[in-house]
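First the structure, in the form of structure tokens, and then the observations on it.
Just so it is clear, none of the values below were taken in a lab; they were calculated from the coordinates. Keep in mind that this is a model prediction, so the values were computed, not measured. So basically every Cβ, Gly included, is an ideal-geometry build from the backbone, and we count neighbours across all protein chains shown.
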Amino acid sequence: MKKDIEDRKDIEQMVNAFYEKVKVDPVIGHFFTETIKVNWERHLPVMYNFWDNALFFSGTYIGKPLQVHKYLSSKSALGKEHFERWNKLFTETVDELFEGEKASLAKSRAISISTVMQLEIIHKN
């Protein structure tokens with residue numbers, strides 16, 4: 001039996017494992033490695049804060065993810081297949097590492113956020 005996501009260290013493990021998959025993914029990797037050439041030293045701590053806030057209501061995240069993704073889509077169009085792939089990789093990563101209430105919450109929050117972004121980015125264009 002796997003443990004649940006319990007703290008910041010677990011969030012960092014989850015986020016790092018997820019982005020290691022994303023970087024080499026044939027469907028969405030190019031957004032991170034070519035389209036915007038992510039500065040990982042800056043991006044990863046922002047994602048740690050995002051998920052820390054999403055799961056533990058820490059108040060550590062300040063940002064506007066929808067605007068960032070709209071900008072990304074203006075550079076290289078985001079489609080339904082990209083969101084589906086992101087969701088699949090995220091869910092797989094969480095399932096490989098954790099199980100429990102917070103792990104389930106992370107997956108459901110990811111899908112909810114992705115759904116809102118799809119509606120705002122794809123369906124409003």
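Considering lysine pairs in the chain that are 8 or more places apart or on different chains, how many have Cα atoms under 15 Å apart?
So the count of such lysine pairs works out to 12.
Is the shape of the stretch 53-122 best called rounded, prolate or oblate, per the rule: a/c under 1.5 gives rounded, else a/b larger than b/c gives prolate, else oblate, with a ≥ b ≥ c the square roots of the Cα gyration tensor eigenvalues? Let's see the in-between values first.
Numbers: a/c = 2.56, a/b = 1.42, b/c = 1.80.
It is oblate, given that a/c is not under 1.5 and a/b is not larger than b/c.
For the chain, max minus min Cα coordinate along each principal axis, in Å, sorted largest first?
Between the extreme Cα coordinates on each principal axis of the chain lie 42, 28, 25 Å.
Can you give the angle from 0 to 90° between the axis of helix 65-75 and the longest principal axis of the chain, with both taken from C-alpha atoms, to the nearest 10?
Orientation of helix 65-75: about 40 degrees from the principal axis.
Taking the chain as the reference, fit the longest principal axis to its C-alpha atoms, fit the long axis of helix 80-97 to the helix C-alpha atoms, and give the angle between the two in degrees, 0 to 90, nearest 10.
20 degrees
Loop by DSSP (not H, G, I, E, B), at most 16 other beta-carbon atoms within 10 Å: where is the longest site-free stretch of the chain for GluC sites (Glu not before Pro)?
Working: sites that count: E6, E99.
Value returned for the longest uninterrupted segment is 7-98.
Of all trypsin sites (Lys or Arg not before Pro) in the stretch 1-77, which ones are in loop regions per DSSP and have a Cβ with at most 13 other Cβ atoms within 10 Å?
On the way: sites: K2, K3, R8, K9, K21, K23, K37, R42, K70, K75; in loops: K2, K3, K37.
Filter output for the stretch 1-77: K2, K3, K37.
At most 12 other Cβ atoms within 10 Å and a DSSP loop assignment: could you name the chymotrypsin sites (Phe, Trp or Tyr not before Pro) in the stretch 22-115 that fit?
On the way: sites: F31, F32, W40, Y48, F50, W51, F56, F57, Y61, Y71, F83, W86, F90, F98; in loops: F57, Y61, F98.
Hits after loop and neighbour filter: F57.
Taking 0.36 nm per residue of sequence separation and subtracting the Cα-Cα distance, how much length would be gained by fully extending the chain between L44 and D95, in nm to one decimal? Don't skip to the end; give the middle numbers.
On the way: separation 51, 0.36 × 51 = 18.36 nm, distance 2.01 nm.
Between L44 and D95, full extension yields 16.4 nm more.
Could you compute the net charge surrounding I121? Neighbours are other residues with a C-beta less than 11 Å from the C-beta of I121; K and R count +1, D and E count -1.
Numbers: positive: K70, K80, K124; negative: E120.
Its environment carries a net charge of +2.
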